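Each remark here refers to the structure printed beneath this line.
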Amino acid sequence: MRGVLGRWMGPWLLLTGAFLLMVGSLSPWDVLWGGLVAAALLVWSGPWLSEGRPPGALSPARLWHFGVLVAWVLMDIVRGTWRMLGVILGPRPGANQGVVEVPLGERTAGGARVSALVASMSPGSVLLDIDWERRVMRFHMVDATRAEDFRRELEWFYRERQRSVFP
C-alpha cells in the first residue's frame, strides 16, 4: 500500500470517521456518503496529499496560530448565523443576494482553498468557483450589499490568521 493509495488511505479513513461521528449513524448509506464526501475532499485538497508534501513544517508557533484560526472561524460562524437571522427575519429576505469576487492576492493554491472553505463555513456566503487565470474567488452572498466588508474581512483573515498556518 505504498504510493498514492498509501498516502490517501489514512486521511480518507479519518475524514469518513469524522463524517460518521457528525451524523451520528453507522447505517450503510451514511458510511457510503461519508466515504464519498471524504474522497471528494481529498481530491479537492490538491497537491498537499497527492504529491505527499505537507503544507509546511509543524512548530509550536504554527500550532498556536492554528488554534487561533479555529477560534476565529468559530466566532465567524456565530456572526454569520446572527447576520443570516437578520436577513431571514428582515422585510425582504433574499432581496440583496448576489455574486461577489474576491482577489486571491498572495494566496497559494492551498491558501486559496482554505480561505474559500473558511468563508463558506459561515452562513451567508458560499464559494462558487476559483478563477485561477483571473486570480479571483467567486462567492454567492445572501447579502451582497456588504461585499466590500466581506472582501476586507477575508483579506484581514488571510493576512492576520491564515497565512502563518496555510499560506
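Some points to look at:
- Burial order of peptide ranges 28-34, 59-65, 107-113 (average beta-carbon count within 10 Å, highest first): 107-113, 28-34, 59-65
- Per-residue ³J(HN,Hα) for the stretch 141-158, Karplus 6.51 cos²θ - 1.76 cosθ + 1.60, θ = phi - 60°, Hz, x for Gly and Pro: 10, 5, 10, 6, 5, 9, 4, 5, 4, 4, 4, 4, 5, 5, 5, 4, 4, 4
- Computed over the chain, the ratio Rg/Rh where both radii use C-alpha atoms and Rh is Kirkwood: 1.00
- Relative to the longest principal axis of the Cα atoms of the chain, helix 28-44 runs at roughly 80 degrees.
- The H on the amide N of Q97, modeled in the peptide plane, is under 5 Å from the matching H of A144, each at least 5 residues off or on a different chain.
- Sorted by Cβ neighbour density within 10 Å, fewest at the top, the residues V78, V142: V78, V142
- The angle between the Cα long axis of helix 60-89 and the longest principal axis of the Cα atoms of the chain comes to about 40 degrees, rounded to the nearest 10.
- Only Lys, Arg (+1) and Asp, Glu (-1) charged, at Cβ; the stretch 60-162 dipole about Cα centre in debye: 140 debye
- Added length on full extension, which subtracts the Cα-Cα distance from 0.36 nm per residue, W72 to R159: 30.0 nm
- C-alpha long axis of helix 4-23 to longest principal axis of the chain, angle in °: 50 degrees
Rule-based calculations on the coordinates, nothing more; no lab input. Not measured: the values here are computed from a predicted model. So basically every Cβ, Gly included, is an ideal-geometry build from the backbone, and we count neighbours across all protein chains shown.
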